[in-house]
Structures are given as structure tokens and as C-alpha cells.
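Right, one structure below, let's go through it.
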Amino acid sequence: MSSDPAPSVNPFEFNACEETIHEIYHFLDGELTEEKRRVIETHLSQCQPCDSVKRFEVELRQVVADRCREEVPKDLRERIARLINHELDNASSADGAGPRREGNASAH
């Protein structure tokens with residue numbers, strides 16, 4: 001959490017924009033005090049350039065989140081599940097308990 005002073009509400013003050021942009025990541029991550037959050041929300045509602053920066057960052061985060069959700073191929077999940085089951089069976093056999101079927105890994 002940042003300890004810098006809250007940005008000015010005056011959208012035409014350069015320092016207000018500079019401070020808002022400096023805090024934008026903390027703002028988007030929900031890491032600001034309620035008071036700082038309100039001040040930045042007010043500034044963003046009155047300053048189109050700063051609001052554009054915020055919207056860009058929100059969109060960028062969404063694109064990154066969407067692109068990082070690759071589905072693991074079904075055959076790979078099944079192969080990993082078989083290997084885990086094989087290891088569980090070997091571990092159970094080694095300690096004399098016999099094959100262990102409950103709690104085996106499954107390919108979801």
C-alpha cells in the first residue's frame with residue numbers, strides 16, 4: 001500500500017494526473033484506503049485522459065487473463081492421472097498394503 005498523499009480532485013492540475021497514474025495499479029488491485037480510492041475515483045470521473053489510462057489497464061489485464069487460460073489437452077490430463085495412479089499403486093505395494101484404488105487421481 002502506498003503512503004503517498006492522495007491526488008488532488010482538480011482534474012486540471014498536472015500533479016493530480018501524475019499522482020493518479022502513479023496509484024492506478026494500487027487502485028485496480030484494491031490496495032488503497034477508502035479515502036484515497038474515493039479521491040482517485042473522483043479524479044477519474046472528471047479527467048478523461050486518466051480515465052483512458054485506467055480503462056486501458058483494465059482491458060490489458062483482461063486480455064492477459066483470457067490468454068493465460070489455456071486448456072490442458074485431455075490426453076495429457078489422462079496420461080498424468082495414469083502416472084499418478086501407477087505411483088500410488090507402487091507406493092501401496094511397497095508398504096504391503098496392496099493396490100490402492102480409493103483416492104486415485106482422475107483426469108477431470
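The table below gives the values:
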{"read-out": "Close pairs from the range 60-72: first under 17 Å from Asp29 (Cβ atoms), partner of a type outside the set (Ser, Thr, Tyr) and at pLDDT 85 or above, Cβ under 9 Å, at least 6 apart", "value": "Arg61/Leu28"}
{"read-out": "Filter result (under 15 Å from Asn15 (Cβ atoms) and either touching a residue at least 60 places away in the same chain (Cβ under 8 Å) or hydrophobic (A, V, I, L, M, F, W, C) (or both)) within the range 32-46", "value": "Val39, Ile40"}
{"read-out": "Residue among Arg77, Arg55 that is basic (Lys, Arg) and at pLDDT below 95", "value": "Arg77"}
{"read-out": "Hits in the range 13-42 (condition: within 13 Å of Val53 (Cβ to Cβ) and among the hydroxyl-bearing types (Ser, Thr, Tyr))", "value": "Thr20, Tyr25"}
{"read-out": "In the range 12-54, the residues that are of a type in the set (Ser, Thr, Tyr) and outside any helix (DSSP H, G or I)", "value": "Thr33"}
{"read-out": "Tally of residues being over 17 Å from the mean Cα position of the chain (by Cα) and within 30 Å of Cys17 (Cβ to Cβ) across the range 45-82", "value": "9"}
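The values are calculated or read from the model by the stated rules, or taken from the named source; none is laboratory data. Bear in mind that the values here come from a model prediction, so they are computed numbers and not experimental data. When we count neighbours, we look across all protein chains shown, and the Cβ atoms used for this are built from the backbone with ideal geometry, even at glycine.
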